[in-house]
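Data block below; observations after.
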Number of protein chains: 2
Amino acid sequence: MTTVSIIGAIAALLTTTAYVPQAYKTIKTRSTASLSLPTYIMLFIGTCLWEAYGLMLHDWSIIFTNLVCGLLGSVILYLKLIEKPGTDADAPAQPQ
Amino acid sequence: MTTVSIIGAIAALLTTTAYVPQAYKTIKTRSTASLSLPTYIMLFIGTCLWEAYGLMLHDWSIIFTNLVCGLLGSVILYLKLIEKPGTDADAPAQPQ
């Protein structure tokens, strides 16, 4: 592997697995008020497309990584969708 | 472009730009309680490495996308780091 491909692989690993601590926190606390719904919809669709891309290329590292992150992302998205009305943080911050 | 490369490109675009609505919401509401600090540290380092990868390959689409998303991610990370103590949502959800 060249330096460039190692940097690319570490970058891909970090940006793909970054959702693991977010999923852990969201499952543990059930707190979704600060999370953006469009972000998790985009991530869910994006992960499904990465999964399709990995399957088409028979690339097991893409298939496995996006399967794990897709499942974690789905849990975050589900908890955001069932968020109780009024607990969202869309209101602007109050002046101190 | 083949179908596979189009799917890969859309997947990359969605998972990279998914942070735009999160950054908009976080900047607007200043609410960071539900956000996971390790997630945004990993995304920040990952985006910096993607930027280095793009610069090494002179790939302007990678450079531009990660510059925008790196800046947005930095703002989210900064707002999370200056979060007031006691506003974090690490406490388990209360039974209803």
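The values are calculated or read from the model by the stated rules, or taken from the named source; none is laboratory data. Quick caveat: nothing in here was measured; it's all calculated off a predicted structure. Neighbour counts run over all protein chains shown; Cβ positions are idealised from the backbone, glycine included. For the accessible areas, the whole protein counts, side chains as well, though only heavy atoms, and no ligand, DNA or RNA atoms are used. Shrake-Rupley method; radii C 1.70, N 1.55, O 1.52, S 1.80 Å.
Among the candidates B:Thr26, B:Thr39, B:Thr47, the residue that is touching a Cys at 6+ places or on another chain (Cβ under 9 Å) and within 26 Å of B:Ile82 (Cα to Cα) is uniquely B:Thr47.
In the range A:61-79, of all residues being open to solvent by 50 Å² or more (accessible area, probe 1.4 Å) and over 21 Å from B:Leu13 (Cα atoms), the one that is farthest from the chain's Cα centre (by Cα) corresponds to A:Tyr78. Within the range B:11-58, restricting attention to residues that are free of Cβ contacts under 8 Å to residues at least 24 places away in the same chain and of a type in the set (Phe, Trp, Tyr), which residue is most open to solvent (accessible area, probe 1.4 Å)? Applying the filter and picking the extreme gives B:Tyr24.
Please work out if A:Ile82 is more than 10 Å from chain B (Cβ to nearest Cβ), modelled with pLDDT of 90 or more and open to solvent by 40 Å² or more (accessible area, probe 1.4 Å). Step through it out loud before you land on a result.
Numbers: more than 10 Å from chain B (Cβ to nearest Cβ): yes; modelled with pLDDT of 90 or more: yes; open to solvent by 40 Å² or more (accessible area, probe 1.4 Å): yes.
In short, yes.
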